[in-house]
């Protein structure tokens, strides 16, 4: 029998835990799996719980949450043979959508039953691990504002994007991609492993989490009146076709600016210094996917 550890943030609510419990009891293949459910109790507790589970040799740890929760779990699993699985219960669920894992709890559990395993690439921004994407410009600002918001969801996220798009000032970035220098005045600079931020906002629809390469997407300075058009392109997966977007691939990317103080990894904002090096570790984590 293969043992699964489901890790849930109890702040997501009693009803959500009941939904997960019911889904597991109803749909998980009991002939194949045994399981336990553990609640996190504080920030980054998921990393500790995943590390402990991996040390016990469990088959897979199931992250019940969004990209931030998945990030925590992968931090605990890195360097082990324990697999990752995901039940998407976050706000945006960008990496789960990239992996074609259903948002519906019961359907996500059925994916675990199928047991298809692939090996995903892991990115590092300096020493900070990320699974989906990292950025240093407008997206980092939105991550910070969204984290401070008492309400979650697509409407709040969209409102923040519209509000700060008009206020945000473009910076002149120094960028090096596998030794090649690219300087760009940009609104957004995103280093992507997954395809989207979440909510089907596809910042890098061409990205693959198994090709050993980052996709660097630069949204150049554009007339703010066209912000809605660029957003629509992101929602329908055609952002790379915009004349205001440049796309590169690489294994190691350095982004610098003298005033750089804020970055985001997997939607969480962090303070940083004026230069960040992004490096890729190919095939670093086994994951059960759709």
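The values are calculated or read from the model by the stated rules, or taken from the named source; none is laboratory data. Computed from a predicted structure; not experimentally measured. FYI the Cβ positions are ideal-geometry reconstructions off the backbone, even for glycines, and counts take in every protein chain you see.
Computed values, structure above
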read-out	value
Residues satisfying the stated conditions in the stretch 127-151, i.e. loosely packed, with under 14 Cβ neighbours inside 10 Å and touching a residue at least 12 places away in the same chain (Cβ under 8 Å)	147
Count - residues of the stretch 183-242 that are within 20 Å of residue 164 (Cα to Cα) and assigned to a helix (DSSP H, G or I)	13
Residue within the stretch 94-104 that is farther than 19 Å from residue 197 by Cα, part of a helix (DSSP H, G or I) and either without any contact (Cβ under 8 Å) to a residue 24 or more places away in the chain or in the same structural domain as residue 74 (by TED's automatic domain parsing) (or both) present	no
Residue under evaluation residue 79, criteria (1) without any contact (Cβ under 8 Å) to a residue 40 or more places away in the chain; (2) more than 18 Å from residue 46 (Cα to Cα), criterion not met	(2)
Conditions (1) touching a strand residue (DSSP E or B) at 6+ places or on another chain (Cβ under 9 Å); (2) surrounded by 14 or more Cβ atoms within 10 Å (Cβ to Cβ); (3) at pLDDT below 95: number failed by residue 156	(1)
Any chance residue 261 is in contact with a strand residue (DSSP E or B) (Cβ under 9 Å, 6 or more places away or on another chain), over 28 Å from residue 114 (Cβ atoms) and exposed (fewer than 15 other Cβ atoms within 10 Å of the Cβ)	yes
Residue in the stretch 232-252 that is at positive phi and modelled with pLDDT under 95 present	yes
